[in-house]
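This report refers to the structure that appears directly beneath it.
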Amino acid sequence: MKSNNTHFVHQTVKTVLITSVALALLLPPSLAAADPTSVSSNTSVTQVSAQAPTTTTTSEADPTKVKFTQEQAVAKLRELFPSLKDATVNNVQLGSNQSYPVPTNQMIWNIQWQIQEGNMGHGFSSEIDAINGDIINTYISYPRENNESYYPPKVSQPQALEIAKAFVAKAASSVKSSDLQLNENAGYNYFSNALFGPVQYGYYFSVMKNGIPSGSDNINIIVDGNGNVTQFSKFSQGLEYPSAQPKITLEQAQKQFAEQFDVGLFYTPIYKNGKPNNWIVGWRPIDQSLYPIDALTGKRIDLEGKESVSTAVVYSDLTKTKDVFQARSSTTELSAKEAEQLVKKVAYIPADRKLISQSLRNDYQDTDRKIWQLNWGGNGNERFMGAGFPEQSSAEIDAKTGEILQYQAQTYGVTQDKKEEPAPAGGKKLSETEAKTKALSIINSLYPQASQKLKLVEYGANSSVTSDGSGYRYQFIRVHQGIPVSDSTISVSLDLYGRLISYMGNRIKGIDEITLSPDATISKKEALETYKPKYQTKLRYTQVGGYNAYNSYAAPKVKLIYDTTIAEFNGLSQVLDAATGKWVAVYDYLGQQDAQISATDIKGHAAEQPLSELVKYHVITPDADGKVNPDQEISVGDWLTYLAKASNPNFSNYYNNNERKTVAGVKPENSYYDAVTYAADRKWINKDESLQIDSKLTREQLAVQLANFLKYNKLTAYLDKDVTVSQFSDSSSINNKGAVALVVKLGLLKDDNGKFNPQQTVTKALAASVIMKLVELQGKTDQIIGQ
């Protein structure tokens with residue numbers, strides 16, 4: 001293995017469109033573009049606060065500037081959203097402090113709605129521009145209390161798109177229809193619809209500026225299967241757009257990208273249900289080689305808009321320092337007070353803060369680990385950053401080993417007008433060399449076997465200084481057998497005096513157990529030739545800044561850039577296996593994996609239509625070759641997983657923080673555990689009876705599972721002697737006659753030449769057909785299907 005294959009950092013991005021805001025993700029010290037219309041690098045960033053502000057505001061709402069009145073705003077919303085016809089307006093205010101960060105545009109009407117249905121009340125919120133009358137945001141959501149029929153939907157996807165376009169014209173009249181550019185990749189079903197429940201079509205439009213697509217201004221809209229708009233959001237920060245006349249040509253930009261494109265070799269986790277469950281050695285694009293080019297200067301830039309360093313990223317060995325982390329040997333868990341003392345030894349906690357909350361819980365990233373969650377706050381007089389977000393510090397500490405897993409001096413990030421922390425008594429500002437020495441000492445003291453398992457990622461001269469000059473930042477990457485590990489970085493941030501103000505990272509279990517050889521069968525040259533045709537270069541506007549990281553804030557601005565992106569959307573979640581040369585889907589995460597991959601082996605199959613629907617809704621996922629294997633037999637665990645995904649694409653996230661105990665005989669480490677737990681919680685199965693989770697599912701077992709799923713258990717006892725089953729020539733071999741009678745009467749299963757074949761195993765094709773019959777059965781049963 002040549003060392004130059006590991007000289008670059010490339011991490012994995014879990015790209016998710018969330019209504020209207022495009023997240024800017026940091027790859028220190030430069031930044032990788034993450035506009036929802038174009039994600040060209042795959043970077044998992046641990047430095048950005050979960051609730052990081054994008055901007056602050058000094059503007060205030062001025063009633064004298066209102067051109068679109070409160071009455072007009074309410075009337076417009078009632079007209080465009082018929083479901084608000086009988087809604088009560090609870091509150092209207094000009095300006096908004098209900099979100100964080102506080103919007104820069106305060107000339108908006110914030111309207112609170114209430115709909116009362118019997119004893120149940122539903123609240124909605126809307127925002128409308130008080131100057132031009134454009135709807136900024138409305139989201140209408142009803143709990144699934146009514147047992148309705150949703151499938152087949154009344155409107156098709158093309159019809160819903162026309163409805164969406166017509167709605168935009170009315171809702172945001174300041175935007176010309178000719179300036180809307182539909183992002184096809186973020187279209188139908190992007191919002192993780194459940195197969196059981198309302199059909200929804202999600203559309204994402206970029207707003208063209210000066211005839212060029214914008215990554216800063218966009219519109220999101222959701223239309224349900226009945227043709228009703230249930231969500232609308234128009235996102236714009238009102239930033240100034242530079243000239244649309246590039247100083248370099250597209251051909252010049254393409255040439256630069258082609259010359260500088262590069263790939264590196266990484267151990268890459270393959271995710272299932274949002275968790276790593278396998279590893280490959282894969283070739284991945286190098287982030288720096290995908291950085292955008294400023295079309296007005298011809299220089300590569302980061303997402304702060306600064307010229308990107310041209311030197312190669314280098315991994316440096318860590319020297320083992322005197323103070324290294326030592327795990328506690330005690331078998332008893334730390335107390336909260338002991339955990340706090342460990343943090344105080346190494347981290348800077350502002351003097352005006354004291355411990356205000358403590359909780360012992362399971363770790364989100366490793367549910368087998370118990371951690372202390374500690375929060376420090378002021379005495380009630382501290383500054384609030386908007387929407388009730390106070391200035392706080394937080395930490396997570398392993399309750400058994402005493403390892404500090406993360407620390408942030410500013411839990412909710414910093415703002416543009418952040419206050420300066422007082423200098424320590426007798427302290428002096430550190431030089432870059434001194435700060436680096438301090439950072440290396442800290443990482444040794446915090447990370448187990450840091451000198452053996454981590455490398456320092458170095459980006460060139462002056463790269464460790466934060467963008468606002470308020471401190472220093474360092475990134476470390478986990479390595480295994482000399483190869484960097486994707487999704488496994490650690491960041492350390494210091495202030496100018498060398499005080500630790502941020503320590504964060506991605507922690508993946510099982511890295512030390514990887515036995516996969518780091519050698520690559522596919523050469524780097526072959527990998528480059530395979531990747532290059534997948535990329536295309538385009539001219540567009542993008543937003544840089546608008547977030548904070550490493551305890552520093554980068555103000556938002558718009559740049560005209562040439563960007564290189566994956567031409568095929570599904571390529572964003574695939575990596576080239578260095579052993580086989582095949583594309584491997586990295587994610588099966590919240591239904592995002594293979595969002596656009598079509599099944600290659602179901603055309604002409606008797607169950608083609610139901611299988612296609614399950615693939616479209618991510619209930620069944622094609623393999624790397626696009627194969628579904630429709631006639632493959634499924635297990636009991638497979639069936640429960642299908643039901644869980646059809647009911648809630650995000651079901652596995654429900655149990656990340658729960659104490660994981662054996663359920664229905666299935667242990668937490670089993671890959672089916674989350675699906676089994678989800679099923680048990682909804683009483684689809686009995687949690688106290690042991691499931692043969694890996695055994696092949698038979699038709700009779702499927703009948704029993706369906707009866708439980710539909711909550712018709714008692715009815716099956718009544719149907720035990722029903723003539724439906726006695727008519728089968730093999731009725732004597734059927735034990736659960738009531739369940740079989742039920743599913744046959746409902747049309748979920750049928751006979752085969754007068755036989756039911758109770759012991760015949762169930763295939764994916766049959767499972768898909770049954771699930772789609774359940775979908776069509778919605779609104780016709782006494783209980784809501786899928787709950």
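Of the listed requirements (1) more than 30 Å from residue 367 (Cα to Cα); (2) touching a helix residue (DSSP H, G or I) at 6+ places or on another chain (Cβ under 7 Å); (3) of a type in the set (Val, Ile, Thr), residue 775 misses just one: (2).
In the stretch 351-370, which residue that is more than 14 Å from residue 396 (Cβ to Cβ) and surrounded by fewer than 15 Cβ atoms within 10 Å (Cβ to Cβ) is modelled with the highest pLDDT? Selected residue: 354.
Mind listing just one residue for me: the one in the stretch 309-319 that is of a type in the set (Gly, Ala, Ser) and more than 22 Å from residue 450 (Cβ to Cβ) and, of those, surrounded by the fewest Cβ atoms within 10 Å (Cβ to Cβ)?
To start, the set of residues in the stretch 309-319 that are of a type in the set (Gly, Ala, Ser) comprises 310, 312, 316.
Those left that are additionally more than 22 Å from residue 450 (Cβ to Cβ): 310, 312.
On the way: 310: 10, 312: 14.
Once the filter is applied, the top-ranked residue is 310.
Of all residues in the stretch 301-341, those satisfying the criterion of being within 21 Å of residue 476 (Cα to Cα), among the polar types (S, T, N, Q) and in a loop (DSSP other than H, G, I, E, B) are 308, 310, 311, 319, 321, 326.
Considering only residues that are farther than 18 Å from residue 393 by Cβ, in contact with a helix residue (DSSP H, G or I) (Cβ under 9 Å, 6 or more places away or on another chain) and of a type in the set (A, V, I, L, M), look in the stretch 320-350 and name the one that is surrounded by the fewest Cβ atoms within 10 Å (Cβ to Cβ). My answer is 324. Here residue 686 fulfils each of the conditions (1) closer than 22 Å to residue 713 by Cα; (2) buried (at least 17 other Cβ atoms within 10 Å of the Cβ) apart from (2).
One line per residue, one yes/no per condition, for (1) crowded, with 19+ Cβ neighbours inside 10 Å; (2) within 30 Å of residue 427 (Cβ to Cβ); (3) within 23 Å of the chain's Cα centre (by Cα); (4) of a type outside the set (S, T, N, Q):
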| residue | (1), (2), (3), (4) |
| --- | --- |
| 471 | yes, yes, no, yes |
| 490 | yes, yes, yes, yes |
| 504 | yes, yes, yes, yes |
| 508 | no, no, yes, yes |
| 516 | no, no, no, yes |
| 522 | yes, no, no, yes |
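Yes or no, residue by residue, for (1) modelled with pLDDT of 90 or more; (2) out of contact with any His (no Cβ under 6 Å at 6 or more places or on another chain); (3) not in a loop (DSSP other than H, G, I, E, B):
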| site | (1), (2), (3) |
| --- | --- |
| 428 | yes, yes, no |
| 436 | yes, yes, yes |
| 439 | yes, yes, yes |
| 467 | no, yes, no |
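Residues that are surrounded by 17 or more Cβ atoms within 10 Å (Cβ to Cβ) and not small (Gly, Ala, Ser) within the stretch 734-757 comprise 734, 736, 737, 740, 742, 743, 744, 746, 748, 749, 756, 757, listed in sequence order. Checking residue 507 against (1) among the charged types (D, E, K, R); (2) in contact (Cβ under 8 Å) with a residue 12 or more places away in the chain; (3) not in a loop (DSSP other than H, G, I, E, B): exactly one of these is not met. Which one? Evaluating residue 507 over (1) among the charged types (D, E, K, R); (2) in contact (Cβ under 8 Å) with a residue 12 or more places away in the chain; (3) not in a loop (DSSP other than H, G, I, E, B) leaves (3) as the failure.
Going by what's in this entry, would residue 345 be described as over 27 Å from residue 250 (Cα atoms) and within 32 Å of the chain's Cα centre (by Cα)? Considered against the rule, which asks whether it is over 27 Å from residue 250 (Cα atoms) and within 32 Å of the chain's Cα centre (by Cα), residue 345 comes out as no.
Could you go through the stretch 99-107 and let me know if any residue there is among the aliphatic types (A, V, I, L, M), at pLDDT 80 or above and either outside any loop (DSSP other than H, G, I, E, B) or closer than 20 Å to residue 198 by Cβ (or both). No.
From the list 695, 671, which residue is surrounded by 15 or more Cβ atoms within 10 Å (Cβ to Cβ), among the hydroxyl-bearing types (Ser, Thr, Tyr) and touching a residue at least 60 places away in the same chain (Cβ under 8 Å)? So the residue among 695, 671 that is surrounded by 15 or more Cβ atoms within 10 Å (Cβ to Cβ), among the hydroxyl-bearing types (Ser, Thr, Tyr) and touching a residue at least 60 places away in the same chain (Cβ under 8 Å) is 671.
Just checking, which of 749, 715 is out of contact with any strand residue (DSSP E or B) (no Cβ under 8 Å at 6 or more places or on another chain), part of a helix (DSSP H, G or I) and not β-branched (Val, Ile, Thr)?
On the way: 749 fails: part of a helix (DSSP H, G or I).
Exactly one of 749, 715 is out of contact with any strand residue (DSSP E or B) (no Cβ under 8 Å at 6 or more places or on another chain), part of a helix (DSSP H, G or I) and not β-branched (Val, Ile, Thr), namely 715.
Just one of the listed residues (196, 205) is assigned to a loop (DSSP other than H, G, I, E, B), surrounded by 18 or more Cβ atoms within 10 Å (Cβ to Cβ) and modelled with pLDDT of 90 or more, namely 196.
Just one of (1) touching a Lys or Arg at 6+ places or on another chain (Cβ under 8 Å); (2) farther than 18 Å from residue 395 by Cα; (3) at pLDDT below 95; (4) of a type in the set (S, T, N, Q) fails for residue 489. It is (2).
The values are calculated or read from the model by the stated rules, or taken from the named source; none is laboratory data. If you're wondering where the values come from, they're calculated on a predicted model, not measured in any experiment. All Cβ positions, glycine included, derive from the backbone under ideal geometry; neighbour counts span all protein chains shown.
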